[in-house]
1. At 20 angstrom or more along the helix axis (alpha-carbon based) and mean Kyte-Doolittle of -1.0 or higher, what helices does the chain contain? Whole DSSP H runs only.
2. Starting with the highest mean, order 82-88, 3-9, 132-138 by the number of other Cβ atoms within 10 Å, averaged over the residues of each peptide.
3. Only residues of the stretch 22-48 count here: report those whose backbone N is under 16 Å from the spot 7 Å along Cα→Cβ of Val153, or say none.
4. Between Ala208 and Thr30, what is the label-to-label distance in nm when each label sits 7 Å out along the Cα-to-Cβ direction?
5. Using the 10 angstrom Cβ neighbour count as an exposure proxy, how do His184, His77, His105, His220 rank, fewest first?
6. Run the dipole for the stretch 152-260 about the Cα centre, Lys and Arg Cβ at +1, Asp and Glu Cβ at -1, nothing else charged, and hand back the magnitude in debye, nearest 20.
7. Can you put Ile60, Ile195 in order, fewest other beta carbons within 10 Å first?
8. Take each of the peptides 35-45, 170-180, average the number of other beta-carbon atoms within 10 Å over its residues, and list them starting from the highest.
Amino acid sequence: MALARASHLFPGTAVTLLTVALALTNGVTTRVSVTLAVAVFAGQLVVGWTNDLFDRSRDIRVGRTDKPLATGELTPHTVAATVGLFGVICVVASMACGVAAGSVHLGLGVGAGLLYNAGVKSTVFSAVPYLVAFGSLPVVVMLAADPSRLPAVWMVVVAALLGVGAHLLNVFPDLDDDEATGVHGLPHRLGRRRIPAAAAVLLLTATAVCVAATSPSWLHWVALGAVLVVIVATARGSGRRPFYGAIVVAGVDAALVIFG
């Protein structure tokens with residue numbers, strides 16, 4: 001389905017599942033966890049669709065056949081209307097998780113993603129929305145459990161590091177197309193040769209923080225070794241392979257956070 005392909009469905013689903021897993025293991029009730037899943041997933045879809053809306057003219061110029069808006073399978077009107085619908089769902093579900101949690105999710109999570117799409121992606125600060133949006137997720141979860149509760153600082157640091165690493169690897173396959181259409185974000189300034197190393201350092205650091213903060217056992221060291229293997233195996237891969245590797249690392253880190 002064209003709308004699904006234009007929504008950046010895979011990463012959005014991954015972020016939602018990781019958020020809900022964190023919620024269910026940190027005192028958030030099942031009802032609120034389900035509501036949180038709706039809020040986060042709707043927010044991810046809104047950010048994904050608006051990304052393709054903003055990029056439509058650029059995608060047409062470089063001949064992106066994987067983008068339904070660029071090929072004409074979808075019209076901007078259809079996507080804009082869908083964004084409006086899911087935007088309402090996102091707002092209602094977010095606030096149903098509590099005013100504090102909902103405000104952080106909408107302002108720092110979804111808001112940061114929309115700012116990225118609207119132009120920050122073309123600046124040296126392109127990683128900041130990812131840092132803020134990912135870093136805010138543990139805050140949203142803890143506030144949903146208790147409006148007076150905040151996560152440990154190290155959890156926010158891990159999430160933020162994973163977000164920046166994901167940003168670098170997500171942009172990696174599109175560097176040439178972006179350069180051709182005037183996008184010069186942080187990854188483009190780092191260059192193709194330095195991105196894999198920078199992302200590897202970020203992802204390994206995130207995992208090392210998890211291990212150091214959770215009374216490490218031999219399983220934690222195995223997890224750190226597994227992350228190293230994933231990074232080495234995917235960092236210089238083609239297409240979206242490095243980005244999918246980053247999602248696997250995020251899953252390992254989430255397990256370390258959840259199960260300690």
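1. On the way: long enough: 9-24 (22 Å, 1.97); 30-54 (36 Å, 1.12); 76-96 (30 Å, 1.71); 127-145 (28 Å, 2.03); 153-171 (28 Å, 2.07); 195-213 (27 Å, 2.23); 218-234 (24 Å, 2.13); 241-259 (27 Å, 1.62).
Taking the DSSP H segments of the chain (at least 20 Å long, mean hydropathy at least -1.0), we get 9-24, 30-54, 76-96, 127-145, 153-171, 195-213, 218-234, 241-259.
2. Descending mean neighbour count gives 132-138, 3-9, 82-88.
3. Of the residues in the stretch 22-48, none has backbone N under 16 Å from the label point off Val153.
4. 4.2
5. Values: His184 14, His77 8, His105 31, His220 18.
Lowest count first: His77, His184, His220, His105.
6. In debye, rounded to 20, the stretch 152-260 gives about 240.
7. By the 10 Å Cβ count, ascending, the order reads Ile60, Ile195.
8. In descending order of packing, they fall as 35-45, 170-180.
We did not get these values from a lab; they are worked out from the coordinates using the rules stated. The model shown is predicted, which means the values in this text are computed figures rather than measured ones. Heads up, the Cβs are rebuilt from the backbone with ideal geometry, glycines too, and the neighbour counts pull from every protein chain shown.
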